[in-house]
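K.L.:
Take this structure first; my questions come after.
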Amino acid sequence: MTAAPVRSASRFASVALRGYLLGSVVSGIVLHTAVALIAPGDGGTMQALGSGLILFILIVAVGFFAIPIFPIAAIVSWKMRKLVDSRPILGGFFAVSVGAIIGALFTANDLRVGPGDNWSGALVGMTFSFTYFVVVKVWW
């Protein structure tokens, strides 16, 4: 009778860690691609996309900014994991919506990629939350 909560807690830690790591990488790649397409700078889009250093910096920055919010969001959403299996479209919609709202709040507090940027937080939040949704769907 006590094995189920222990198994659930260990599964949560594993799924949350996978979600955090994969979410950081995927969100960093998406942000890197979006920035390269929207504001490529002097070198052009292909030069910006080919920069591994910029990609690495964005992945680390996304992971750093996700440290305070991701564990809270993962704990709160853990109760809704049954929705992932029973109604995946609705669960995905909720995940992406909440992620976009949280990301937009970060952007509204001046955590931006550059001047005039009003979209990066919502994009990263949507990508991060959708990645975590997929991780819960696959590994739970």
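The values are calculated or read from the model by the stated rules, or taken from the named source; none is laboratory data. Predicted, not measured: the structure shown is a model, and the values here were computed from it. Here the Cβ positions follow ideal geometry from the backbone for every residue, glycine too, while neighbour counts run over all protein chains shown. With ligands, DNA and RNA removed, areas are computed over all heavy atoms of the protein, side chains included. Shrake-Rupley method; radii C 1.70, N 1.55, O 1.52, S 1.80 Å.
K.L.:
Inspect segment 124-132 for any residue being open to solvent by 30 Å² or more (accessible area, probe 1.4 Å), more than 16 Å from Ser27 (Cα to Cα) and either out of contact with any Ser or Thr (no Cβ under 9 Å at 6 or more places or on another chain) or outside any helix (DSSP H, G or I) (or both) and give the result as yes or no.
P.N.:
no
K.L.:
Can you tell me which of (1) crowded, with 18+ Cβ neighbours inside 10 Å; (2) in contact with a Ser or Thr (Cβ under 7 Å, 6 or more places away or on another chain) is the one Val98 doesn't meet?
P.N.:
Of everything listed in (1) crowded, with 18+ Cβ neighbours inside 10 Å; (2) in contact with a Ser or Thr (Cβ under 7 Å, 6 or more places away or on another chain), Val98 misses just condition (1).
K.L.:
Where residues in segment 14-39 are in contact with a Gly (Cβ under 8 Å, 6 or more places away or on another chain) and open to solvent by less than 20 Å² (accessible area, probe 1.4 Å), which of them is nearest to Ala66 (Cα to Cα)?
P.N.:
This residue is Ser24.
K.L.:
Report, by residue number, each residue of segment 1-13 that is open to solvent by less than 50 Å² (accessible area, probe 1.4 Å) and modelled with pLDDT of 80 or more.
P.N.:
Phe12, the sole residue that qualifies.
K.L.:
In the list Val60, Val84, which residue meets the criterion of being aliphatic (A, V, I, L, M), closer than 24 Å to Ser14 by Cα and surrounded by fewer than 19 Cβ atoms within 10 Å (Cβ to Cβ)?
P.N.:
Val60
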